[in-house]
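Written out below as structure tokens is the structure these notes cover.
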Amino acid sequence: LDDGPDFHYGQFPNGFFWSVATSAYQIEGGWNEDGKGMSIWDTFSHVPGRIEDGTTGDMACDSYHKYKEDVQMIKALGVKHYRFSLSWARILPFGIGIEPNAKGIEYYSNLINELIANGIQPAVTLYHWDLPQSLEDRGGWLNESIIVPAFANYARTCYKAFGDRVKFWITLNEPFITANAGYGRGKKAPGLTGEGDLVYIAGHNLLKAHAQAYRIYQREFQSTQKGFVGITLNIVYKEPLNPDNPLDVEAAERAMQFDMGWFANPIYGDGDYPEVMKKQVAMKSQQQGLYQSRLPEFTDAEKKNIKGTSDFFGLNTYTTRRVEHFVQPFDKPSFSRDQDVREQTDPSWPRSGSPWLLAYPEGMRGLLNWVKNHYGMVPIYVTENGISDRNGTLEDYHRIYYYKFYLNNILKAINMDGVRVIGYTAWSLMDNYEWEKGYLERFGLYHVDFTDPSRPRTPKASAKYYAEIIANNGFPSPTS
Ligand code: PNW
């Protein structure tokens, strides 16, 4: 935990958005209360074998009843923003319609009012993976003609109900994960496997739905509500395994274009998928004997409609991988094999409670520079960053290490590299339902006891540490 010789002392910009995040299914519980409809996560978590510890989010952290306590915990951190998500099925039980469920609106309205009364601004995600089941029954993210208008209608419903008080909107959380884990590898709800085809179709419709939600705000609400609307993309940063090998350098860039450019290039770039992605998928599809690429195409009008549909770059990032060039077989087509890369981690990086998550703070600085170099001075809002463990210990010094050095690398990117970062969000406010891992992996600044029906919360050492960084707005030099 020593600062070390490379530590950068200094402050974050004035007005920096310090924040902390959760999502609806992971914390709310109240899964069938007050007229809420079923979501794909209600369905999925109840299927035996889908969740590692066999648990569900039926009660989770019980935030549906304990939101006032949550707000006091958020307030104690000293953050300006609280990022949470709305349960689509709580607001529109069947995903569609113009008359929302009054009890659902009331719950979020109360939460928003409680936040504002305590000096915290809401930053609201419309969609954090809990699709209404009745939309999934009609094809979900694979069915453009159902899902795009339904999401547009849902977005409008939310802007109408909450937009007088909510000024930061995030349309989609991590469309990459929705497409890959939900419709590709099938590890997350709805659990479909279409690694080489469904994944691209879901991605295509997620982009179209996002664009519609942005355009609706722009046309119908912006002039009166004066808020910001963006999207949150996740990325595992890629470094070349051997930086002296041009093939590895190209491979790392190619993997970044697949994982980040897939959504970022249409929105922040030229409106279309990255060239290298179009080329790779077309080549692999042709080798398979297909007459057209598995990657769908946008019309010119669609490109124009998607380009520019985010007021900030919402960025979720946790870890890094080293990438080498490796030609993958074409006969088992998948999103990952389409890239012709192979990935590994560095054995020296500290591990966490999640197999995929290793701490490599320098990766954060590299990533922020990558975003700047590809998409220019778009304001970057880090909307998730954090680390897990398996025991939820209150003496979570590994988490303090993680926040300290990840944040220090963000500060370096701002002060030394001129990257425009406007905010930072810790994942997560409290231990919660970690999707298909159940309650096994804990990311919280606050511990939650899931064996106690009253779900007591206790601050961990990291909560105090995070509050201290926020109070200082950075890292004051020890000599000053
Ligand atoms: C995010 N990856 O998901 C989600 O937005 C949160 O709901 C989740 O709890 C959190 O991260 C921790 O997992 C991710 O493999 C899942 O790179 C996996 C990855 C990234 C983000």
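Only four residue types carry charge here, +1 at the Cβ of Lys and Arg and -1 at the Cβ of Asp and Glu. Report the dipole size of region 315-435 about the Cα centre in Debye, rounded to the nearest 20.
Dipole size: approximately 280 debye.
Does region 326-480 come out rounded, prolate or oblate by the C-alpha gyration tensor, with a ≥ b ≥ c the root eigenvalues, rounded set by a/c under 1.5 and, if not, prolate when a/b is larger than b/c and oblate if not?
Judged from the Cα gyration tensor, region 326-480 comes out oblate (a/c at least 1.5, b/c at or above a/b).
Give the separation of the Cα centroids, region 171-186 to region 255-280, in Å.
Computed from Cα coordinates, the inter-centre distance equals 16 Å.
For the pairs LYS66/LYS167; LYS80/LYS412; LYS208/LYS464, note any where the Cα-Cα span goes beyond 30 Å.
Beyond 30 Å between Cα atoms: LYS208/LYS464.
Can you pick out the pairs among LYS187/LYS238; LYS103/LYS307; LYS68/LYS160; LYS75/LYS404; LYS187/LYS332; LYS372/LYS404 whose Cα atoms lie more than 26 Å from each other?
Exceeds cut-off: LYS103/LYS307.
Subtracting the Cα-Cα distance from 0.36 nm times the residue separation, let me have the gained length for ILE116 to GLU144 in nm, one decimal.
6.4 nm
Under 16 Å Cα to Cα from LYS304, which aspartates and glutamates show up? Leave out anything in the same chain fewer than 8 places away.
Filter leaves ASP270, ASP272.
Could you calculate the FRET efficiency of THR393 with ASN472 from 1/(1 + (r/R0)^6), where r is the beta carbon distance between them and R0 is 25 Å, rounded to 0.05?
Efficiency, from the Cβ-Cβ distance: 0.50.
If I take all pairs of Cα atoms in region 266-311, what percentage of them are more than 13 Å from each other?
58 percent
Please report the relative contact order for region 91-246, taking Cα pairs under 8 Å with a sequence separation of at least 6, and give it as a percent rounded to a whole number.
Answer for region 91-246 is 24 percent.
With the crude spin-label approximation of a point 7 Å out along Cα→Cβ, what separation in nm comes out for THR224 versus GLU33?
It works out to 3.2 nm between the two label points.
Taking Cα pairs under 8 Å and at least six residues apart, what relative contact order does the chain come out at, in percent?
Value for the chain: 18 percent.
How many percent of all Cα-Cα pairs in region 188-253 sit more than 18 Å apart?
Value for region 188-253 (Cα pairs over 18 Å): 65 percent.
For region 106-149, what is the Kirkwood hydrodynamic radius in Å, using each pair of distinct C-alpha atoms?
12.7 Å
Give the accessible surface of the chain per residue, rounded to a whole number of Å², with probe radius 1.4 Å and ligands, DNA and RNA excluded.
Per-residue value: 38 Å².
Give me the percent of Cα-Cα pairs in region 124-226 that sit more than 20 Å apart, rounded to a whole number.
36 percent
Take the Cα of ASP346, step 7 Å along the line toward its Cβ, and report every residue of region 306-335 whose backbone nitrogen sits under 20 Å from that point.
Hits in region 306-335 for ASP346 at 20 Å: 317-325.
Given the rule -39500 (n - 2.57) for each run of at least 4 DSSP H residues, summed and divided by the residues of the chain, what is its mean residue ellipticity at 222 nm, to the nearest 500 deg cm²/dmol?
-11000 deg cm²/dmol
Determine the dipole magnitude for region 180-338: charges of +1 sit on the beta-carbon of Lys and Arg, -1 on that of Asp and Glu, nothing else is charged, the reference point is the Cα centre, and the result goes in debye to the nearest 20.
With only Lys, Arg, Asp and Glu charged at Cβ, the dipole is about 520 debye.
Filter the trypsin sites (Lys or Arg not before Pro) in region 217-264 down to the DSSP loop ones having no more than 15 other Cβ atoms within 10 Å, then list what survives.
Passing sites in region 217-264 are LYS226.
What is the P(r) of region 268-349, as percent of Cα-Cα pairs per 10 Å bin from 0?
15, 32, 33, 18, 2
Quick one: Debye curve from the alpha-carbon atoms of the chain only, equal weights, vacuum; give me log10 I(q)/I(0) at q = 0.10, 0.12, 0.13 Å⁻¹ to two decimals.
Summing over Cα pairs of the chain leads to -0.72, -1.08, -1.30.
For region 117-249, with all protein chains present and a 1.4 Å probe, just round the carbon and sulfur fraction of the accessible area to a whole percent.
Of all accessible area on region 117-249, carbon and sulfur atoms account for 52 percent.
Tally Lys and Arg at +1 and Asp and Glu at -1 over the other residues with C-beta under 13 Å from the C-beta of LYS188: what net charge comes out?
-2
The values are calculated or read from the model by the stated rules, or taken from the named source; none is laboratory data. Only a predicted model underlies this, so the values are computations on that prediction, with no experimental measurement involved. Cβ coordinates were reconstructed from backbone atoms using ideal geometry, including for glycine residues, and neighbour counts include every protein chain displayed. In case anyone asks, the SASA skips ligands and DNA or RNA and just uses the protein heavy atoms, side chains included. Shrake-Rupley method; radii C 1.70, N 1.55, O 1.52, S 1.80 Å.
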